[in-house]
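> The structure that follows is given in the form of structure tokens.
Every number in this text was worked out from the coordinates using simple rules, so none of it is lab data. The structure presented is a predicted model; accordingly, all values stated were derived computationally and were not measured. All Cβ positions, glycine included, derive from the backbone under ideal geometry; neighbour counts span all protein chains shown.
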Amino acid sequence: MKIINNVKIEAEEPGLIEPNFDKYPQNRNNDTKMVFENINDSEQSMNCPSCGFHCTHITGVEVFTRGDDAKEHTHTTVNMLNCETSVKQIKGHGRNPSARRDGLILSGYCENGCKFEIDIAQHKGNTFFKANKTGTHKFDWE
């Protein structure tokens with residue numbers, strides 16, 4: 001076991017840190033948080049994780065399917081802007097936000113112009129959400 005930034009890290013081999021460990025929640029940048037607003041008793045609306053604006057659009061989904069600690073995984077990508085879908089077998093971790101299991105990445109933008117990705121990863125019985133600002137969205141009228 002190692003301690004990095006006051007976090008205990010257990011690895012399969014001594015001194016080995018699991019790949020994609022930087023996607024887990026310690027030392028998270030608090031500027032990109034997921035916030036939901038209650039719409040009614042059964043629905044919530046997701047605000048932009050970068051600026052907090054309430055009008056967001058999902059433009060893509062990436063699904064990573066992998067058995068526990070498997071060396072390969074299936075990466076399914078859906079690009080909603082171009083209406084394209086691809087399925088690939090990937091060796092190693094690729095973009096999978098989970099170091100050991102399944103994961104998801106939602107891509108989108110808000111109407112203030114922020115582009116973002118939301119990583120969803122499973123690890124030891126927990127499901128982690130992490131938002132990343134990925135740039136600026138260009139609107140058709142710009």
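> Any chance you could count the Lys pairs in region 31-136 whose alpha carbons are under 23 Å apart, treating pairs 8 or more apart or on different chains as valid?
For region 31-136, the number of qualifying lysine pairs is 10.
> Past the 17 angstrom mark, what percentage of all C-alpha to C-alpha distances in region 31-136 do you count?
Everything past 17 Å amounts to 57 percent.
> Gain in length, Phe139 to Val61, computed as 0.36 nm per residue apart minus the alpha-carbon separation, to one decimal in nm? List each step's numbers first, then the result.
On the way: separation 78, 0.36 × 78 = 28.08 nm, distance 2.05 nm.
Extending this stretch completely gives an extra 26.0 nm.
> Let me ask another. Along the Cα→Cβ direction, 7 angstrom out, place labels at Gln89 and Met34. What is the inter-label distance in nm?
Using points 7 Å along Cα→Cβ, the separation is 3.1 nm.
> Can you tell me the dipole magnitude for region 31-136 around its Cα centre, using point charges on the Cβ only (Lys, Arg +1; Asp, Glu -1), in Debye to the nearest 20? Write out the running numbers ahead of the final one.
Working: 12 positive and 13 negative charges, 111 e Å.
Value, rounded to 20: 540 debye.
> Applying the Karplus parametrisation 6.51 cos²θ - 1.76 cosθ + 1.60 with θ = phi - 60° to the phi angles of region 102-113, what ³J(HN,Hα) value in whole Hz is obtained for each residue in order, glycine and proline being reported as x?
3J(HN,Hα) across region 102-113, in whole Hz: 7, x, 9, 10, 9, 10, x, 8, 10, 6, 8, x.
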